[in-house]
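The values are calculated or read from the model by the stated rules, or taken from the named source; none is laboratory data. Computed from a predicted model, the values in this text were never measured in an experiment. Positions of Cβ are backbone-derived with ideal geometry, glycine not excepted, and every protein chain shown enters the neighbour counts. The accessibility values were calculated without ligands, DNA or RNA, using every heavy atom of the protein model including side chains. Shrake-Rupley method; radii C 1.70, N 1.55, O 1.52, S 1.80 Å.
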Amino acid sequence: MFRRNRMTITLFIPCFIDALFPRAGISMVEILERLGHSVVCPEAIACCGQPPFNSGYWEEARTIAGPVLEKLADAEAVVIGSGSCGAMLKNFYPELFANTPQAELAKKVSARTWEFSDFLVSKLGVTDLGAKFPHKVTFHDGCHGLRELGIKAAPRALLGKVRGLEFVELMEESCCGFGGTFSAKFPMISTAMGEVKCAAAAETGADYIISNDSSCLMHIQGLLSRQGSPIKTIHLAEVLNQQ
Amino acid sequence: MSEREKILGRIREALKVKAPRPGSHGDPLVQAAAEPPVSHARDWLPSVGASVEEQFAMFARNAADLKAEFQLFAGRDELRAALVSLCAAEKWRRIASHGGELTDFACQAIGLPVTLTDRGYDVQAMEKCDAGITECDALIAQTGGVVVNSRGAGGRALSVLPPHHVVIARREQLVADLPAAFARLQSKYAPDFPSMISFITGPSRTGDIERILVLGAHGPKKLTILCL
Amino acid sequence: MSSFVSQFKTLAGEKTRDLRHRQVIRTALRSYEVVRDKRKAAFQSWEFARQAAAETKWEAVNHLDTHLEALVAKLEARGTKVHWASTGAQACAIIAQILRDQKAHSIIKSKAMTSEEIHLNHALEQEGFTVVESDLGEFIVQLRHEPPYHIVFPSMHLTRGEIQDLFQKELGDAPSDSPEELTMVARRVMRQKYLTADVGFTGANFAIAETGMISITENEGNARLTAALPKTMITLLGIEKILPRFADLALFLPMLATAGAGQPMTCYNTMYSGPRQPGECDGPEAWHVVLLDNRRTELLADAEQRDALHCIRCGACLNVCPIFRNVGGHTYGTTYSGPVGSVITPHLRGLQDWKHLSNASSLCGACTEACPVKIDLHHHLLQNRRNASVSEPAFFERLAYKLFSIVANEPKFWSLAKKLGWLTQPLQKAVKGSALDPAKAWTKTRDLPPMPKESFKDWWRNRK
Ligand code: SF4
């Protein structure tokens with residue numbers, strides 16, 4: 001495993017990873033540390049402010065995001081294990097804070113923010129993490145990671161190096177239907193979209209659906225377990241951390 | 001105030017606030033380029049071979065994809081023979097056409113009664129014709145389509161009303177791509193354009209029933225392009 | 001809740017459970033996706049083409065006044081009569097007056113979404129005129145007394161069997177359920193109507209300022225016939241359809257065909273610059289062009305979303321939209337459905353009544369990626385949400401976010417919330433999915449993930 005210039009990486013832990021999927025966060029810490037970097041994690045950050053932002057309550061979103069920006073002001077690199085929160089910091093903070101005193105800070109933080117898989121591949125230049133995961137898997141691209149951040153190749157490059165892993169692409173590239181508050185405001189549409197996704201995953205014959213976004217996986221897993229499907233979901237970082 | 005003035009007034013009022021340019025993500029007024037954005041369309045559209053042979057080959061391929069018939073002839077005798085056999089194979093009894101150097105030749109070769117459109121015509125009579133025979137402005141290699149107009153191709157109906165449209169063209173009418181076709185039309189007609197110019201790309205079609213392709217929805221079921 | 005949103009939710013509930021509908025739409029769009037990708041790949045650079053198309057439309061829309069004046073001057077110079085309508089009602093009245101002046105009875109129409117927008121057929125039928133839709137898909141939905149399901153594929157929700165039954169019932173002619181034979185039935189029915197209609201009515205895809213032309217795109221030839229045979233022709237044109245130059249079509253025509261239907265070019269792309277001219281042997285003696293505002297200028301006034309007027313109505317954003325695919329076109333209750341409809345309807349018909357369409361999106365961005373003129377569709381949905389909550393905040397929703405922001409900003413509260421969540425987990429399981437469950441919206445169809453005792457932050461703190 002190669003060592004690069006030692007960086008101090010600020011890990012941004014989204015609220016749902018913190019509360020529901022700690023294994024994903026722990027895996028990121030362990031991977032980054034194994035690569036020889038030091039990891040910090042500002043405890044006072046709970047959420048990026050996306051729920052109120054997406055619902056149109058930009059002022060309330062700023063009350064959450066403003067303090068987040070201050071806490072990240074001096075970070076060398078901010079790494080997030082979710083394309084969705086990553087897009088919030090990278091793309092939407094500059095828009096949310098345009099014409100406010102924090103506009104410049106928002107741009108600065110945006111420029112230093114990375115989605116986890118993209119950070120590993122594009123910034124650190126690592127693809128082989130020595131992981132082993134002897135299963136048939138498929139990958140779900142979270143829409144924000146895919147379209148806001150343009151991340152498609154990085155997770156595939158990383159998975160390509162995992163020993164024992166058999167990769168099958170999904171036939172259709174479509175949204176899983178989570179969409180944050182959308183999933184509760186329009187549950188019937190959200191559920192139908194998720195069912196389409198689950199059916200596509202079942203077609204591949206995969207044992208696991210991997211994603212770089214835990215929020216999508218929460219939705220997909222919720223449907224799968226209600227359906228009694230044997231397919232399991234797992235965050236990319238957890239797969240990459242299996243030695 | 002007239003509606004015209006009211007609408008234009010609302011537009012002018014609205015345009016007082018500048019909109020961001022596309023792709024500039026919130027930064028208004030990225031400088032516009034000096035030339036029209038489409039000036040380089042040729043570089044982005046599907047590529048077309050440089051030589052005339054390649055372009056004819058491409059035209060033939062595209063026309064076949066569209067389910068149009070295309071034939072290239074070495075001389076008038078070949079064209080005449082093709083017309084005669086087409087007429088026999090399709091069992092035409094009556095055709096419609098317009099006056100023109102190529103169409104006159106074609107009508108003579110076919111030798112059936114002709115409804116000519118030039119000095120006005122009876123629509124019901126044209127509707128009963130088995131084929132409409134026209135000249136054209138251009139063949140476009142890039143698309144496999146042809147361009148006709150209301151002045152040089154016998155009016156507006158002739159190329160769509162009969163169930164079979166036959167285009168008689170000359171080799172020089174082939175253009176490489178769409179930008180060339182528009183440039184040719186502009187230089188040939190501007191500012192006095194025919195009242196209708198139509199780019200015809202394959203025979204009439206529809207996919208309105210289960211997105212399944214059916215030819216001859218309202219216009220011709222068949223399109224034959226014969227080129228000298 | 002406005003009646004529009006409750007209707008939307010009811011219909012969405014029905015359609016999303018309708019597995020047959022899901023299958024029909026999926027099958028119909030799968031072939032589209034394959035050909036579209038193939039045609040896009042044939043472009044040397046689809047992305048540069050998109051950027052140029054976006055810039056061209058930007059130029060057109062941001063100088064709309066001068067382009068419109070140029071267009072109209074050119075049209076009038078060749079004998080076309082131009083009318084201006086601020087509202088849909090005015091446009092309907094102008095058209096009805098033209099028909100009365102012509103002593104017309106029957107009108108043959110080619111496809112025009114603008115006429116759906118102003119409910120023209122209804123207005124004309126009220127006045128006793130007979131209106132026949134000639135586009136096959138439009139003809140089918142007209143027979144069913146239904147609005148088009150999709151702006152480009154009006155009858156894509158119907159199977160051949162349903163269309164056969166419809167033709168049998170309404171026309172007494174349906175030899176089989178083969179698409180070929182059914183199309184030929186429509187062809188036969190329509191032929192005589194063309195020959196006898198007094199007036200031909202068309203929509204428009206582009207209007208060329210430089211040369212004073214209206215460009216109409218179609219596959220069937222019905223618009224060609226509509227513009228050829230009747231003595232009078234009427235064209236309804238949304239004012240945003242402008243393109244500056246004739247040569248712009250060299251890019252826009254193939255892009256429209258590729259994005260909309262995966263074709264290299266649509267079968268007929270026809271530019272009209274006047275009624276029948278001296279020396280021409282046919283075509284209408286009179287041509288009326290009706291320019292329609294109908295609150296497009298409202299959208300124009302919103303500089304942030306002005307690019308929504310770039311729309312060339314290709315339908316690509318509908319085709320890729322997972323919401324559209326699951327709820328279907330009729331559920332929207334709007335003329336323009338899918339992402340573009342959700343963006344513009346609040347501007348055209350009122351933000352508070354139609355904001356739910358902007359909320360009914362997962363913001364996946366597939367629409368923006370598909371749009372050939374690069375309209376920032378899913379971000380406009382976000383902006384509509386913002387505008388709606390600023391002008392009329394929902395009390396409880398705002399309160400919830402205010403409380404949420406307090407919790408999120410105070411680590412102690414956040415820890416407490418996680419603890420509470422963990423402690424109430426067994427309770428939650430007991431009421432799962434029932435009326436008592438506060439998370440019912442989620443748990444009715446989905447399980448909640450088990451909440452671990454130790455959160456990430458707990459782990460992090462313990463490890464230090
Ligand atoms: S918004 Fe874009 S993709 Fe949607 S119909 Fe309009 S042009 Fe097509």
Fill in: Within 10 Å of each Cβ in C:40-47, the average number of Cβ atoms from other chains
3
Practice prompt. Take the Cα radius of gyration of the stretch C:43-294 and divide it by 2.2 N^0.38 Å, with N its residue count; two decimals is plenty.
Written response: 1.02
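For the stretch C:46-121, which trypsin sites (Lys or Arg not before Pro) pass both filters: DSSP loop (anything but H, G, I, E, B) and at most 11 other C-beta atoms within 10 Å?
Numbers: sites: C:Arg50, C:Lys57, C:Lys74, C:Arg78, C:Lys81, C:Arg100, C:Lys103, C:Lys109, C:Lys111; in loops: C:Arg78, C:Lys103, C:Lys111.
Within the stretch C:46-121, the qualifying trypsin sites (Lys or Arg not before Pro) (loop, at most 11 other Cβ atoms within 10 Å) are C:Lys103.
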Worksheet item: Can you give me the relative contact order of chain C as a percent, contacts being Cα pairs under 8 Å and 6 or more apart?
Response: 18 percent
Worksheet item: At what distance in nm do the modelled label points of B:Phe73 and A:Ala44 sit from each other, each positioned 7 Å from its Cα along Cα→Cβ?
Response: 8.8 nm
Response to the item:
Calc'd 3J(HN,Hα), the stretch C:164-174, phi into Karplus 6.51 cos²θ - 1.76 cosθ + 1.60 (θ = phi - 60°), Hz, glycine/Pro = x, comes to 4, 4, 4, 5, 4, 6, 8, 10, x, 8, 7
Discussion item. Placing +1 on the Cβ of each Lys and Arg and -1 on the Cβ of each Asp and Glu in the protein assembly as shown, which of C:Leu403, C:Ala85, C:Asn205 has its Cα farthest towards the positive end of the resulting dipole?
Written reply: C:Leu403
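Summing both sides, how much accessible area is buried between C and B? Use a 1.4 Å probe and give Å² to the nearest 100. Walk me through the numbers on the way to the answer.
On the way: alone 23400 and 13490 Å², together 29120 Å².
Summing both chains' loss of accessible area gives about 7800 Å².
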Worksheet item: Taking the alpha-carbon centroid of each part, what is the distance from the stretch A:55-134 to the stretch B:100-137 in angstrom?
Response: 69 Å
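Expressed as a whole percentage, what fraction of the accessible surface of the stretch C:43-294 belongs to carbon and sulfur atoms when a 1.4 Å probe is rolled over the protein heavy atoms? Intermediate results must be reported in sequence, preceding the final value.
On the way: 3740 of 7390 Å².
Carbon and sulfur: 51 percent of the exposed surface of the stretch C:43-294.
According to the square roots a ≥ b ≥ c of the eigenvalues of the Cα gyration tensor, what is the shape class of the stretch C:348-412, taking rounded for a/c under 1.5, prolate for a/b larger than b/c otherwise, and oblate for the remainder?
Details: a/c = 3.43, a/b = 1.62, b/c = 2.12.
It is oblate, given that a/c is not under 1.5 and a/b is not larger than b/c.
What does the net charge come to around C:Pro147 if you take all other residues with beta carbon closer than 11 Å to its beta carbon, with K and R at +1 and D and E at -1?
On the way: positive: C:Arg144; negative: C:Glu116, C:Glu117, C:Glu138, C:Glu146.
Local charge sum for C:Pro147: -3.
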Worksheet item: Among A:Met171, C:Phe246, B:Leu215, whose Cα sits farthest toward the positive end of the charge dipole of the protein assembly as shown (+1 at Cβ of Lys/Arg, -1 at Cβ of Asp/Glu, about the Cα centre)?
Response: A:Met171
Worksheet, complete the sentence: The relative contact order of chain B, taking Cα pairs under 8 Å that sit 6 or more residues apart, comes to a percentage of 21 percent
Worksheet item: Residue-wise, which Karplus ³J(HN,Hα) couplings in Hz belong to the stretch C:285-302, taking 6.51 cos²θ - 1.76 cosθ + 1.60, θ = phi - 60°, and x for glycine or proline?
Response: 6, 10, 10, 10, 10, 9, 8, 10, 8, 6, 6, 5, 5, 5, 5, 4, 6, 8
Response to the item:
Computed for C with A: buried accessible area summed over both chains, 1.4 Å probe, rounded to 100 Å², at 5700 Å²
Response to the item:
Sequence order, the stretch A:8-25: Karplus ³J(HN,Hα) from phi using 6.51 cos²θ - 1.76 cosθ + 1.60, θ = phi - 60°, Hz rounded, Gly and Pro as x, gives 9, 9, 8, 8, 9, 9, x, 4, 6, 6, 4, 7, 10, 10, x, 4, 5, x
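Determine the relative contact order of chain A: mean sequence separation of Cα pairs under 8 Å and six or more apart, normalised by residue count, in whole percent.
Details: 436 pairs, mean separation 50.1, N = 243.
It rounds to 21 percent for chain A.
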Practice prompt. Using Cβ-Cβ distances only, list the Cys residues of chain C with no partner cysteine under 4.7 Å, sorted by number.
Written response: C:Cys92, C:Cys267, C:Cys281, C:Cys311, C:Cys314, C:Cys321, C:Cys371
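C:Thr27 to C:His145: FRET efficiency via 1/(1 + (r/R0)^6), r the Cβ-Cβ distance, R0 30 Å, to the nearest 0.05? Working shown, then result.
Working: r = 25 Å, r/R0 = 0.84.
Working from the Cβ atoms, E equals 0.75.
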Practice prompt. Find how much the distance from C:Arg349 to C:Ala430 grows on full extension, using 0.36 nm per residue of separation minus their present alpha carbon separation; answer in nm with one decimal.
Written response: 24.7 nm
Worksheet, complete the sentence: Fraction of alpha-carbon pairs in the stretch C:418-464 farther than 15 Å apart, rounded to whole percent, equals 50 percent
Worksheet item: How large is the charge dipole for chain A, taken about the Cα centre, if only the Cβ atoms of Lys, Arg (+1) and Asp, Glu (-1) carry charge, to the nearest 20 debye?
Response: 500 debye
Practice prompt. Take the Cα pairs of the protein assembly as shown, get the Kirkwood Rh, then feed it into Stokes-Einstein at 4 °C and 1.567 mPa s and tell me D in µm²/s.
Written response: 43 µm²/s
Response to the item:
Per the charge dipole of the stretch B:1-116 (beta-carbon charges, Lys/Arg positive, Asp/Glu negative, Cα centre), the residue among B:Gly99, B:Thr115, B:Pro20 reaching farthest to the positive end is B:Pro20
Worksheet entry | Dipole magnitude of the protein assembly as shown, debye to nearest 20 (Cβ charges: Lys/Arg +1, Asp/Glu -1, about Cα centre) | 2140 debye
Discussion item. Counting C-alpha atoms alone, how compact is the stretch C:30-113: give Rg to one decimal and Dmax as a whole number, in angstrom.
Written reply: 19.7, 52
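Calculate the dipole size of the stretch C:43-294 relative to its Cα centre from +1 charges on Lys and Arg beta carbons and -1 charges on Asp and Glu beta carbons; express the result in debye to the nearest 20. Mind showing how you got there, number by number?
Working: 21 positive and 32 negative charges, 107 e Å.
Charge dipole of the stretch C:43-294: 520 debye, to the nearest 20.
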Worksheet item: When Cβ neighbours within 10 Å are restricted to other protein chains, what is their mean count per residue of peptide A:87-93?
Response: 1
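Take peptide C:50-63, look around each residue's Cβ out to 10 angstrom, count Cβ atoms belonging to other protein chains, and average those counts.
On the way: counts 3, 4, 10, 5, 4, 9, 5, 2, 8, 4, 0, 4, 6, 2.
Partner-chain Cβ atoms within 10 Å, mean over residues of C:50-63: 5.
Arranged from highest to lowest average of other beta-carbon atoms within 10 Å per residue, in what order do the peptides C:203-214, C:60-71 appear? Display every interim value, and only then the final one.
Working: C:203-214: 23.7, C:60-71: 20.4.
The most tightly packed comes first, giving C:203-214, C:60-71.
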Worksheet item: How do C:447-460, B:122-135 rank on mean C-beta neighbours within 10 Å, highest first?
Response: B:122-135, C:447-460
